[in-house]
1. In the stretch 58-86, which residue that is part of a strand (DSSP E or B) and among the β-branched types (V, I, T) is surrounded by the most Cβ atoms within 10 Å (Cβ to Cβ)?
2. If you check Y55 against the conditions, is it surrounded by fewer than 17 Cβ atoms within 10 Å (Cβ to Cβ) and among the aromatic types (F, W, Y)?
3. Would you check if G89 is under 21 Å from D35 (Cβ atoms) and in a loop (DSSP other than H, G, I, E, B)?
Amino acid sequence: MKPVLLLALCLLASCAALQRNAAETLVGEWRYSDDIQAGRYVFNRDGTFKAEVVYHGELISKATGRWAIEGGNLNYTYISDKLDRIPAGATDQDKLLKVRAKFFIIEAADGKRRKYLRIW
């Protein structure tokens with residue numbers, strides 16, 4: 001029983017370390033673009049973010065909020081949206097598939113995968 005408990009503790013510790021490393025890697029500015037939409041996110045070390053989303057060439061959201069990685073998901077809690085499209089307190093979640101120094105890939109709530117490239 002002790003080896004199983006030890007293995008479980010090691011796995012939990014390694015998951016926490018992976019989340020911490022992913023969070024550190026995500027700090028910075030990122031962009032995504034396809035034929036329909038574009039997004040720009042700035043993830044700050046203090047857990048805040050700024051985001052802009054353009055859909056069919058029209059700016060549809062200019063939001064701020066808080067972000068965190070939990071259980072392999074990138075979670076957002078919105079504080080404000082200058083265009084009043086997203087209410088304060090709203091939450092969103094993307095599945096974080098891969099995080100690297102120059103890009104990250106998410107699976108959005110609509111099931112689409114998006115690759116964000118680092119700007120800085």
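The values are calculated or read from the model by the stated rules, or taken from the named source; none is laboratory data. Just so we're clear, the structure is a prediction, and the values are computed from it rather than from any experiment. Note that each Cβ is placed from the backbone with ideal geometry, even for glycine, and that neighbours are counted across all protein chains shown.
1. Here the residue is I69.
2. Values: surrounded by fewer than 17 Cβ atoms within 10 Å (Cβ to Cβ): yes; among the aromatic types (F, W, Y): yes.
Yes, satisfied.
3. Answer is no for this residue.
For every residue, the table says whether it meets (1) within 20 Å of R100 (Cα to Cα); (2) part of a helix (DSSP H, G or I); (3) modelled with pLDDT of 95 or more; (4) among the β-branched types (V, I, T).
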site: A8; (1), (2), (3), (4): no, yes, no, no
site: L11; (1), (2), (3), (4): no, yes, no, no
site: L18; (1), (2), (3), (4): yes, yes, no, no
site: N21; (1), (2), (3), (4): yes, yes, no, no
site: T25; (1), (2), (3), (4): yes, yes, yes, yes
site: G39; (1), (2), (3), (4): yes, no, yes, no
site: V42; (1), (2), (3), (4): yes, no, yes, yes
site: R45; (1), (2), (3), (4): yes, no, yes, no
